[in-house]
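Undergrad: Starting off with a structure, shown below.
The values are calculated or read from the model by the stated rules, or taken from the named source; none is laboratory data. In this text the structure is predicted, and so the values were computed from the model without any measurement. Cβ placement follows ideal geometry from the backbone for every residue including glycine, while neighbour counts extend to all protein chains displayed. Protein only, heavy atoms only, side chains kept; ligands, DNA and RNA dropped before computing areas. Shrake-Rupley method; radii C 1.70, N 1.55, O 1.52, S 1.80 Å.
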Amino acid sequence: MNAPRAGLGWSRAALPFVLADLAMAALAWWGAFWLRFNFDMPSEYRALALQTLPWAMACMAVGLALAQVQRQAWRYIGLTDLRQLARGVLLGTLATTACILGLRYQGFARSVFPLYGLVTLVLLTGARALWRTLAERRAARQQPAGQTPLLVVGTLEEADQALRTLKGSHGWHVVGIVSPLDAELGRRLQNVAVLGGIEALGQIAQAHGLRSVLLASAPGSDLRRQVLLRWSGSGLNLLSMPVADQWLNPGATALRQVQLEDLLGRPPVALDARGVSEWLSGQTVLVSGAGGSIGSELCRQVARLGVARLVCVDMSEAAIYELAQELRSAHPHMHSLYYTANVREPARLQAIMAETRPAVVFHAAAYKHVPLMEQLNEVEALHTNVLGTLNLAQAAGQCGVARFVLVSTDKAVNPTNVMGASKRLAERVVQALALQHPQTEYVAVRFGNVLGSSGSVVPLFSAQIARGGPVTVTHPQIVRYFMTIPEAAQLVVQAGWMGRSGQIYVLDMGEPVRIVELARLLIRLSGRSEAEVPIVFTGLRPGEKLYEEWLADSETSAATEHPRLRVAREQGGPQPLALQALADWVQGLGPAPEPQWLRAGLRERVPEYAPRG
């Protein structure tokens, strides 16, 4: 068996290319002499050129070998390979210069040396470029029938990466580029023409008889949102490149359908998987609210990170049962425990903590629906969101939990509703407990609305569209920050790993999304139009704001090692909070307190709380 020559970095298959390089080096040596003498070389210098030719070839071969040029695949030559080639030619030229001068040939013209390097580089580069051009033309002629024609939407810079990725694909044939920049119209990239602007996308697609359109712009970019909102539901098949980790999934396709997440005004949040895995691997982790949208996704991600034991707590029997079936099927070897328990029962929580001894607690149990908690159920929000957090966080501190992570919300910032004010109180509770239990790290994480979570607008809009409408939006100007359920869970885990006790983390949420745009996109993705499914504006609901904020008026933020996470810092530090007095106040409200008394008490304890209406 003939093994590759590892020491030289090439095999027998590369031998013809190595010999071609040497032949071009010989031609370059002869050409350098001709250039030196303006194509009228004296006979004595012809003899000198032939006499020194073996030395020049040998030295150039050494230079190219040192730069490992022999490893290059001519078919896929690129800028990195050309830089490597230039280094090899430079080394070969210097070696030739040293050798010839060392041999002391009489009357040798030293200007031949730089000319030799230049001509060698031109010949070697030209040969590779020609080889790649011929290979690509041959491949284009041999492309199998049945390829799907495709338009690429994006600037030339964005389209360049997409074209490189699709090169060699047997499923797609790029017909042209549609660019948002007028200056790029008529230009060509990798032999593909820019056919027009975004406004002409439909006409261009129709003229070429195609339906597939690849969005090459970054996730969350304005261009991507513009195309989604303009062309969704128009009959075009809008596609996107997969994110990095999707390439690693078995069976992943090269392109994917655009998703609702593509409307987000920022790139997806990335998790430092290695650091988080090292933190959680082999640990016992408890998740409260484990049956909810965020809690269940937390359980899924934590399970994938190699925890020794996962403790799932939720008050819903049905939710905890479904989660148990899913996790036991997906992770049959993981030790998992499933408790039906209410965070409003401190004795039950302490018993679970004492029995399971978790190292990390993720607290996702909460009431989160603003209008529902604003009328008739205000006291329930306080009992669950405030006392529930106090009960679980105290039990964690008493049992020596290493880290406690509270799932909070951007509605806790300058709250105008009871739910937001209750979550702001929950943040202050964990900050106060951070001082009482220094052995436990208490961290809070704020994020915006979660696409597809229970109680969010997406399931509501989808159900309304399925019924034929109308789709109800409270206000034409209302905007919200959105993230996906996996993103939300990743943010909680990431902040839990890197956070310090008493800190509140916020996500850089990018640009807010207008809810009416979200409704229109969902209608179009369903294959229907606004004429078929109208949008009706119903007015702001109790406690609802037109926009949400990242930071309270009294807060600033500081950067962290994660590019999308920031730490909220309150001017003068966290305000002191008497936990027992807080608990006594909530418990003393009774089962049906007067709403104005409850809100007055909230304003005393959350000064930034400003109820509306």
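Undergrad: Could you please state, rounded to a whole Å, how far the C-alpha centre of segment 40-70 is from the C-alpha centre of segment 358-395?
TA: Here the two parts' Cα centres lie 81 Å apart.
Undergrad: Let me ask another. If packing is taken as the average number of other Cβ atoms within 10 Å across a peptide's residues, how do 21-28, 196-203 rank, most packed first? The partial results should precede the final answer.
TA: Values: 21-28: 19.2, 196-203: 15.1.
Put in order of decreasing packing, that is 21-28, 196-203.
Undergrad: Give the Kirkwood hydrodynamic radius (Å, one decimal) of segment 390-473, defined as one over the mean of 1/r across all pairs of different Cα atoms. Working shown, then result.
TA: On the way: mean 1/r = 0.0671 Å⁻¹.
It works out to 14.9 Å.
Undergrad: Something else about it: From largest accessible area down, sort Trp131, Trp597, Trp29; use a 1.4 Å probe on the protein chains. Please list the in-between numbers first.
TA: Working: Trp131 110, Trp597 175, Trp29 0 Å².
Correct descending sequence by accessible area is Trp597, Trp131, Trp29.
Undergrad: Using helices alone, I'd like the mean residue ellipticity at 222 nm for the chain: each DSSP H run of four-plus residues gives -39500 (n - 2.57), total over residue count, nearest 500.
TA: Values: 20 runs with 269 residues, N = 613.
Value at 222 nm, helices only, nearest 500: -14000 deg cm²/dmol.
Undergrad: If you average the sequence gap of Cα pairs under 8 Å that are 6 or more apart and divide by the length of the chain, what percent do you get for the contact order?
TA: Working: 1051 pairs, mean separation 59.8, N = 613.
This gives 10 percent for the chain.
Undergrad: Now for a different question. Residues of segment 287-311 with backbone nitrogen within less than 17 Å of a virtual label 7 Å along the Cα-to-Cβ line of Arg328, please, listed as ranges.
TA: The answer is 291, 300, 309-311, whose backbone nitrogens lie closer than 17 Å to the label point.
Undergrad: If you roll a 1.4 Å probe over the heavy atoms of the protein chains, what accessible area per residue do you get for the chain, in Å²? Each step should come with its number before you reach the end.
TA: Working: 28680 Å² over 613 residues.
Roughly 47 Å² per residue, with all protein chains present.
Undergrad: What's the whole-number percent of alpha carbon pairs in segment 296-416 lying beyond 26 angstrom? Could you put the intermediate results ahead of the total?
TA: Numbers: 1697 of 7260 pairs.
When all Cα pairs of segment 296-416 are counted, 23 percent exceed 26 Å.
Undergrad: What number, in percent, do you get for the relative contact order of segment 488-599 if the mean sequence gap of Cα pairs under 8 Å and at least 6 apart is divided by its residue count?
TA: Once normalised by length, the contact order is 27 percent.
Undergrad: Moving on. What is the antiparallel percent of DSSP beta bridges lying wholly in the chain, to the nearest 5?
TA: Working: 17 of 67 bridges.
Taking every DSSP beta bridge with both residues in the chain, the antiparallel ones total about 25 percent.
Undergrad: R0 = 60 Å: FRET efficiency of Leu79 with Leu577, Cβ-based, nearest 0.05? All intermediate terms of the calculation are to be shown ahead of the outcome.
TA: Values: r = 59 Å, r/R0 = 0.99.
Efficiency computed from Cβ-Cβ geometry: 0.50.
Undergrad: With axes computed from alpha carbons, what is the tilt in degrees of helix 15-36 against the longest principal axis of the chain, rounded to the nearest 10 within 0 to 90?
TA: With rounding to tens, the tilt is 60 degrees.
Undergrad: Report, to the nearest whole %, how much of the accessible area of segment 477-536 belongs to carbon and sulfur atoms, 1.4 Å probe, protein only. If you can, show how the numbers build up before the last one.
TA: Working: 930 of 2050 Å².
In segment 477-536, the share of accessible area belonging to carbon and sulfur is 45 percent.
Undergrad: Using 0.36 nm per residue of separation minus the Cα-Cα distance, give me the extension gain between Thr165 and Gln477 in nm, one decimal. Could you put the intermediate results ahead of the total?
TA: On the way: separation 312, 0.36 × 312 = 112.32 nm, distance 3.91 nm.
Taking Thr165 through Gln477 to full extension adds about 108.4 nm, to one decimal.
Undergrad: A further question on this structure: Measuring from label point to label point, each 7 Å out along Cα→Cβ, what is the Leu22 to Leu589 span in nm?
TA: 8.8
Undergrad: Assuming a strict under-17 Å limit between Cα atoms, what lysine pair count do you get for the chain once near-sequence pairs (fewer than 8 apart, same chain) are dropped?
TA: Details: Lys368/Lys411; Lys368/Lys423; Lys368/Lys545; Lys411/Lys423; Lys411/Lys545; Lys423/Lys545.
Eligible lysine pairs with Cα atoms under 17 Å apart amount to 6.
Undergrad: Note the full-extension length gain between Tyr321 and Thr538 as 0.36 nm times their separation in residues minus their Cα-Cα distance, in nm to one decimal. It would help to have the intermediate numbers written out before the result.
TA: Working: separation 217, 0.36 × 217 = 78.12 nm, distance 3.73 nm.
Additional length available on full extension: 74.4 nm.
Undergrad: Quick one: angle between helix 457-466 and the longest Cα principal axis of the chain, in degrees between 0 and 90, rounded to 10, please.
TA: 90
Undergrad: On to the next question. Between Glu380 and Ala558, what's the calculated FRET efficiency when r is the beta-carbon distance and R0 is 45 Å? Round to 0.05.
TA: Numbers: r = 35 Å, r/R0 = 0.78.
Efficiency, rounded to the nearest 0.05: 0.80.
Undergrad: Using a simple spin-label model with points 7 Å from Cα along the Cα→Cβ vector, what separation in nm is obtained for Arg71 and Gln596?
TA: For Arg71 paired with Gln596, the spin-label model returns 8.0 nm.
Undergrad: What is the angle, in °, between the Cα long axis of helix 79-103 and the longest principal axis of the Cα atoms in the chain? Nearest 10 is fine, range 0 to 90.
TA: With rounding to tens, the tilt is 40 degrees.
Undergrad: Determine one quarter of the surface area of the Cα convex hull of the chain, which equals its mean projected area, and express it in nm² to one decimal.
TA: Details: hull surface 155.8 nm².
The Cα convex hull of the chain, projected and averaged over all directions, gives 38.9 nm².
Undergrad: Further question: What distance in nm separates the two pseudo spin-label positions at Gln436 and His173, each 7 Å out from Cα along the beta-carbon direction?
TA: Using points 7 Å along Cα→Cβ, the separation is 7.2 nm.
Undergrad: Between Phe39 and Asp182, how high is the FRET efficiency from 1/(1 + (r/R0)^6) when r is the Cβ-Cβ distance and R₀ = 56 Å? Nearest 0.05.
TA: According to the calculation, E is roughly 0.70.
Undergrad: Percent relative contact order of segment 11-169, based on C-alpha pairs within less than 8 angstrom and at least six residues apart?
TA: 26
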